[in-house]
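Before any comments, here is the structure.
Values quoted throughout were computed directly from the atomic coordinates according to the rules given, and no laboratory measurement underlies them. Being a predicted model, the structure only gives us computed values, none of them experimental. Neighbour counts run over all protein chains shown; Cβ positions are idealised from the backbone, glycine included.
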């Protein structure tokens, strides 16, 4: 039952005096306390407006419950005439001062307050919250006995507030609620707050200028926990820092903030983790609508649902923004300068982001909007003749795939690919970043283009670039392996002679000497690169026209087992005793 309907129903049940015990249940954080406060404020019944509240969290006895209720009742005693004078005197400064020194007086103080409970609470409306969080020493029979006694003997009415989703996770605690239903509850009302209602309440607590985009994402995620949504809003406000962002930029960043914050604060029921969300944006959305050739495992079914959620949010890929966001959620720290730089880049790429959103929307319509005719879809697709060049290769490939399923869309799809390829060639790119660990579809023409660029990049890769990559990244890839495997002794000699940056020369020489010292580890990746490097060094040392470079090489090799190999003798055996290259 929605918030408004639940409110109406609760007011109605409260007007019926035969309902001595009313239960208000629902999931944690869905606004039960907010609802009760609203009902109390709008009620025309004075007893409801002055209802006494107690939380059972941590309370271990009925006496503690009575004391809490009496303490909340005493401030309003003036409206009841002189019958509470003795109670107020008992609570005066004199007794409190004595209680600091004499435990017996303090005990007498507590006892008198508890004994006054029937007088203080007679005919009152009492709200008992956090029943599922009561202390284990507080027996259910004691709570039931208190409610039964005060409702029958002293005319009290009770509103029990319960997070019933918390009970189901606590084993025998579920029996507690069943017992309440059977023994004392006259009417039960369950609150099911909608995401829109929860967001409206959360925005009243934490206003945001990004409310419209937050509403879309919160609704897509199905979030209805007000406390969690409030935290999500505060994350958005802090990360975006009140920037005036255009719709396309908000559509890029706000859904990610909502999803990753919901993951962090556990607002999604059985949702993904950070690792999946950061990687799943690179998956092929269209493949999820195809009939599976084999039955999927429960985990695969779950992951398919997560991907559909990300599709609905429009998260087609993650970059450094999501990385900064995850760092902030995990550590509470982030560099505003880094966020500024990312947002500024997004603003520069606004046209591309708009095109991306339009392409995503079109692909979604092709899959889900079965009422739209192919003619109507093709009319919409004409816009991509000019904007397809702004898309990444995977989205334009997916556009072509969607159009290829329509007989009249095949030519348009191919035209989009041809236009994209020609535009990419015009950029004269010398390298491509096409990391595709999940095998997302890529059109054959784009694959061919990328292969040509990679082949050219490999042909032009130098031994210096490859070696410095190993130094800087403490690792290597196929490009570095190919460059070093292909290099000859002449290539290494030319590299040593021509490196102008002295610091780069030092890093290059030390890394190659390292490879020579540990051939068993490097040769399987780089072939004869270490041998060719040694041959180049010997050639330079034998050249009388380069004495200073020769002296530098001898100095670098000094005190290593490679020194004899440099002089043309057989190399010594490397081992634990072999000295490493001395660093400057």
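Assorted remarks:
- Gain on full stretching of the segment that runs from residue 41 to residue 57 - 0.36 nm per residue minus C-alpha separation: 3.3 nm
- Equivalent ellipsoid semi-axes, the stretch 461-566, via Cα gyration tensor eigenvalues times 5, rooted, Å: 21, 15, 13
- Model label zone, residue 190; criterion: amide N under 18 Å from point 7 Å along Cα-to-beta-carbon; scope the stretch 12-46: 22-33
- Look at where the Cα atoms of the stretch 200-226 and of the stretch 323-353 average out, and the two centres are 21 Å apart.
- Judged by the mean number of other Cβ atoms found within 10 Å, the most tightly packed of the peptides 179-191, 213-225, 60-72, 374-386 leads the ranking 213-225, 60-72, 179-191, 374-386.
- Pair residue 545, residue 234: separation of 7 Å Cα→Cβ label points (nm): 7.3 nm
- Space enclosed by the convex hull of the alpha-carbon atoms of the stretch 350-454, per residue, Å³: 104 Å³
- In plain terms, the chain from residue 410 to residue 385 could stretch by 7.7 nm, reckoned as 0.36 nm per residue minus the Cα-Cα distance.
- When each of the peptides 442-448, 193-199, 314-320 is scored by the mean number of other C-beta atoms lying within 10 Å of its residues, the order from highest to lowest reads 193-199, 314-320, 442-448.
- Once the Cα-Cα distance is subtracted from the 0.36 nm per residue extended length, the residue 308 to residue 276 segment shows a gain of 10.2 nm.
- FRET efficiency, 1/(1 + (r/R0)^6) with R0 30 Å, evaluated for residue 319 and residue 488 via beta carbons: 0.15
- Legend: P(r) of the stretch 194-348 from all alpha carbon pair distances, 10 Å bins from 0, whole percents, reading 10, 41, 35, 12, 2.
- Spacing of the two label points (7 Å from each Cα toward its C-beta) at residue 119 and residue 367, in nm: 7.1 nm
- Approximating the spin labels as points 7 Å out from Cα along Cα→Cβ, the residue 427-to-residue 525 distance works out to 2.9 nm.
- Relative exposure of 333, 59, 549, judged by other C-beta atoms within 10 Å (fewest first): 333, 549, 59
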